[in-house]
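So the structure is just underneath, and the comments pick up after that.
None of the figures in this text is laboratory data; all of them are computed from the coordinates on show. Computed from a predicted structure; not experimentally measured. Heads up, the Cβs are rebuilt from the backbone with ideal geometry, glycines too, and the neighbour counts pull from every protein chain shown.
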Amino acid sequence: MVNRVLGWIDQRFPLTPFIKHELTDYPTPRNLSYWWNFGFLAGFVLVLQLATGIFLAMYYKPDVNLAFDSVQHIMRDVNYGWLLRYIHSTGASAFFVVIYIHMSRTLYYASYHKPRELMWWTGQGLMLMIMATAFMGYLLPWGQMSYWGAQVITNLFGVTPFVGDKVVLWLRGDFSVGDATLTRFFALHYLFPFLIFAVVGIHLVALHTVKSSNPSGISLAAKDNIPFHPYFTIKDLFGLGVYLIIFCTFVFFIPGTFIEAANNIPANPLVTPAHIEPEWYFLPFYAILRSIPDMLGGVVAMALSVLIFAVLPFADRTNIPGGARYRPIYRAVFFVFIADVFLLGYVGSQAPTGYLVPIGQVATFLYFATFFLLPFISKWEERWMRARGLPTDLIALFQQRPPREKWLHQGDAP
C-alpha cells in the first residue's frame, strides 16, 4: 500500500527522487566530525521554536494592559502552558548556543572559502534575522527589562543621519515604546520565523550545490563520500539525544536561568532598572557599543561587529586548506578571538565603571584587529612554508595526490 501511494505521488510530484537526491543518497564526506552536527541541531531548534510559538500566540494578548497578565495566564491556567513557555524561552538561548558553535566551527575550519562564499553569506543573513526575531520577542512579556531594553535599543536608531527620528518613530509606531510598539513587534516576531525557514531552504540549496566541507578543507573524490543515510542520520540523532538531555535539564529543573528576574515585574515607564542589559547572546555587541564614547561611533561599531564576518572570504585568501587545523598562526588567532568574545560578553554584563571601561575598549580593538590581520596572517604562513621548502598551494597538492593504495603502501596517508 505504501509503495502504491508513493508511486501515485511520484507520477505527479518527484517526492521519492527528491528524498533520495537531497537526503538519503546525498554524497557526504566520510570524515565529518560531530562539529558538523550543529547545522542539523539548528534546524531542529528552529522547528521547535516555530511549533511552540504558534501555540503561545493562541493565548498571548499583544496589548500593554494585557500582555504581562496573558503570560501569567499561560503559565498558570493553560494546560502545559508553563512547558510551552519554558521550551520557547530556553529554546531562544539554545538557538544562539547552537548557531554560535556552528559559526565557530565554520571559522575554525575556514569553510567560507571558495566556492562556499554564498553559503557563508546566506548563513550571515540568517543570523541577522534570528537576532532581529529574538530582539522583538524580548519585548513581548512586557516586563521591566523588556520595556527598558526596547527603549534603549530603539533609541540607538536615532543617531542615523538625517532620518534618525523618523526611523525611531517607524520602529516604535509612536513617540515612545507603547501599545503600537508591542503590536508591531508581536506581528514581526510571529512572521520572521517563517521567513527564516524560507532562507534556511536557500541556505541548504547553496550547501547541496557546493557540497559539504570537511575537516581536511579539500573537496573529496567521489570514492571518499558516503550516502547521508543511514550513517550521518544516526550520527545526527545521537547528537540530538545529547542536546535534548542538556536542554531538558534546563527546561524542567532550572527554567528561570535565561529569564531576567526584572521581567517578572510588569513594565513601568516611571521606574528605571538599576542596570539595563540585553540577553546574554547580545552582550558582546552591547559591550562594543558602550566602548565607543561617541553614540554614532558606538552604533556603527556594533553594527559593523556583526556585518564584518561577510568579508572573511576576501580577507582570508590562503591556499592552505583545513583552516586552523594546518595553520598554527591562524589557530592561535582563532582562540584569542573566541576568548576576546567571552571577555566582551562579561564586560557587557557589568556596569561600565572603573577598570571595565578600558578593558572593554581593548577587547573591542582586538575584535576588529582580528579581521584586519587576516590578509597578513595568510602571507606570513605562506612565507613560513616557503622558508621550510614546503608547497604553499596545498589544495592543488592534495587534489593531485597519488592513489590511496600508494599512500597506504608508503605508510604516509594524508
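Considering only the stretch 338-352, state which residues are out of contact with any Pro (no Cβ under 8 Å at 6 or more places or on another chain), of a type outside the set (F, W, Y) and over 15 Å from Y100 (Cα atoms). Result: L343, V347, S349, Q350, A351, P352. Contact annotation: residue pairs with Cβ atoms under 9 Å, 6 or more positions apart or on different chains, pairing a residue in the stretch 252-265 that is surrounded by 12 or more Cβ atoms within 10 Å (Cβ to Cβ) with a partner that is charged (D, E, K, R), are P255/R85; F258/E279; E260/E277; E260/E279. Does at least one position in the stretch 39-59 carry a residue that is exposed (fewer than 14 other Cβ atoms within 10 Å of the Cβ) and more than 23 Å from V98 (Cα to Cα)? Yes, because at least one residue in the stretch 39-59 is exposed (fewer than 14 other Cβ atoms within 10 Å of the Cβ) and more than 23 Å from V98 (Cα to Cα). Cβ-Cβ contacts under 8 Å between residues 6 or more apart (or on different chains), taken from a first residue in the stretch 350-371 that is over 20 Å from D316 (Cα atoms) and free of Cβ contacts under 8 Å to residues at least 60 places away in the same chain to a second residue that is surrounded by 14 or more Cβ atoms within 10 Å (Cβ to Cβ) and among the β-branched types (V, I, T), are listed as L356/V347; I359/V347. When A198 is tested against (1) part of a helix (DSSP H, G or I); (2) under 30 Å from A274 (Cα atoms), exactly one condition is not met: (2).
In the stretch 274-284 there is at least one residue that is assigned to a helix (DSSP H, G or I), of a type outside the set (D, E, K, R) and in contact with a Leu (Cβ under 9 Å, 6 or more places away or on another chain).
The helices (runs of 4 or more DSSP H) found entirely in the stretch 17-122 include none that carry 3 or more residues being on the phi > 0 side of the Ramachandran plot and hydrophobic (A, V, I, L, M, F, W, C).
Determine if the stretch 175-189 includes at least one residue that is without any contact (Cβ under 8 Å) to a residue 60 or more places away in the chain, among the polar types (S, T, N, Q) and under 22 Å from G53 (Cβ atoms). Among the residues of the stretch 175-189, at least one is without any contact (Cβ under 8 Å) to a residue 60 or more places away in the chain, among the polar types (S, T, N, Q) and under 22 Å from G53 (Cβ atoms), which makes the answer yes.
What do you reckon, is A301 under 21 Å from the mean Cα position of the chain (by Cα), in contact (Cβ under 8 Å) with a residue 40 or more places away in the chain and buried (at least 18 other Cβ atoms within 10 Å of the Cβ)? Walk me through how you get there before you give the answer.
Values: under 21 Å from the mean Cα position of the chain (by Cα): yes; in contact (Cβ under 8 Å) with a residue 40 or more places away in the chain: yes; buried (at least 18 other Cβ atoms within 10 Å of the Cβ): yes.
Yes; evaluated as a whole, the condition is true for this residue.
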